[in-house]
Amino acid sequence: DDRALLDETEVQFEEDKQMIAATSTMTAHICPEELKLLEKMTEIAEAARYQADGRIKKLVKWIKEHLLETDGITWKNRRVLIFTEYTDTKRYLVQQLESAVAKTHLAPRRIGTFHGGMGDESREAIKTAFNRDPKQDPLRILIATDAAREGINLQNYCADLFHFDIPWNPSRMEQRNGRIDRKLQKEAVVHCYYFILTQRVEDRAVSYTHLRA
C-alpha cells in the first residue's frame, strides 16, 4: 500500500474526505429508525473511546513480563517491534503504552515511532537508536506503520514483533516479520505474535515462531 509512505497529514486528509463523502451520501437516505440506531452506536463508541481494548491489555502484560524487571521500574536489555496498519492506531498505541510505562525508569525515552512522511534524517536516527546496544540507548519499544515493512533492518537487538492489526495481504505480514527474522539475528528464536479471538473458530491458527538454525 503506497499510502504507508505518505505523510500522516496527507493520509488523514484523504480519510477525512472519504468520511465526509460517505456520511453525506448516507444521511440523504436514512430513515428515523436507522438514525436512532446510529445514535445509540455512537453513544457506545464514545463511552469506550479512551478505554484500553483487550489487545492493549495483553500487550501491556507482555511488556511488563518480558521487558521490565520484577520491580516494575527497571528495563531489561530487550526490545520489541510493534506494527500497525493505521496512523490513528499508531497514535492510540503511543498514548496507551506511554501511560502504562509512565512510572518506569526514563519512561519518556522508551517508546519511538516509525511512520510515513519521516525525513531521511529522522528515519536513520530511529533506526540507529533501535539497533544500538540497549545498554547504550534507552529505546525499548518501536511502534511502526507499514512504512517500515521494507528496506529497514531492525534485528540487531530485537527478536520480538507484534502485529497489532493484520493486513489483508499475508505477504505484508512476512515483510514485517522480515525486519527482525533475517541474517545477522543474534537470537536462536524469533517470535512474531498476533492477536486472536479465542471464541472464533476462524481465528484459531498456529502462532508464528521461527526456530533459527
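Proximity of backbone amide H atoms, modeled 1.01 Å from N, is registered between residue 114 and 143, 144, 145 at under 5 Å, excluding neighbours fewer than 5 places apart on the same chain. Residue-wise HN-Hα couplings along segment 118-132, as the Karplus relation 6.51 cos²θ - 1.76 cosθ + 1.60 with θ = phi - 60° gives them from phi, are 6, x, 4, 5, 5, 4, 5, 5, 6, 5, 5, 4, 6, 8, 6 Hz; Gly and Pro carry x. Under a Gaussian network description of the chain, with springs only between Cα atoms under 10 Å, the residue in 60, 11, 201 that fluctuates furthest is 201.
I want to verify a result. In a Gaussian network model of the chain, Cα cutoff 10 Å, which of these has the top mean-square fluctuation: 79, 182, 140? The residue that fluctuates most here is 182. Using bins of 5 Å that start at zero, the share of Cα-Cα pairs per bin across segment 72-202 amounts to 2, 10, 20, 23, 22, 14, 6, 2, 1, 0, in whole %. Considering only 34, 124, 174, the mean-square fluctuation computed in a Gaussian network model of the chain, springs between alpha carbons under 10 angstrom, is largest for 34. Compute the whole-percent fraction of alpha carbon pairs in segment 1-154 spaced more than 27 Å apart. Counting every Cα pair in segment 1-154, those more than 27 Å apart make up 38 percent. Relative contact order of the chain, taken over Cα pairs closer than 8 Å and 6 or more residues apart, is 20 percent. Beta-bridge orientation, the chain: approximately 25 percent antiparallel, per DSSP, counting only bridges with both partners inside. Each residue of segment 61-72 is assigned a 3J(HN,Hα), and the resulting list reads 4, 4, 4, 5, 7, 10, 9, 10, 6, 5, 6, x Hz, derived from the Karplus form 6.51 cos²θ - 1.76 cosθ + 1.60 (θ = phi - 60°), x at Gly and Pro.
The apolar share of the surface of the chain, taken as the fraction of accessible area on carbon and sulfur atoms (1.4 Å probe, ligands and nucleic acids excluded), comes to 55 percent. Per residue, the chain exposes an accessible area of 62 Å² to a 1.4 Å probe, with every protein chain left in place. Sparse packing (at most 10 other Cβ atoms within 10 Å of the Cβ) combined with a DSSP loop state is found for the following chymotrypsin sites (Phe, Trp or Tyr not before Pro) in segment 131-176: 168. Given the C-alpha centroids of segment 10-82 and segment 143-191, what is the distance between them in whole angstrom? What the calculation gives is 23 Å, centre to centre. Separation of segment 87-106 and segment 118-140, taken as the distance between their Cα centroids, equals 18 angstrom. In the structure shown, the pairs 64/103; 76/135; 57/135; 57/90 are assessed against 18 Å; a Cα-Cα span above that value is assigned to 57/135. Convex hull volume of the Cα atoms of segment 27-99, normalised per residue: 112 Å³.
The values are calculated or read from the model by the stated rules, or taken from the named source; none is laboratory data. Quantities reported herein were computed from a predicted structural model and do not represent experimental measurements. No Cβ is skipped: glycine too gets one built from the backbone with ideal geometry, and neighbour counts run over all protein chains shown. Note: areas computed on protein heavy atoms with side chains; ligands, DNA, RNA excluded. Shrake-Rupley method; radii C 1.70, N 1.55, O 1.52, S 1.80 Å.
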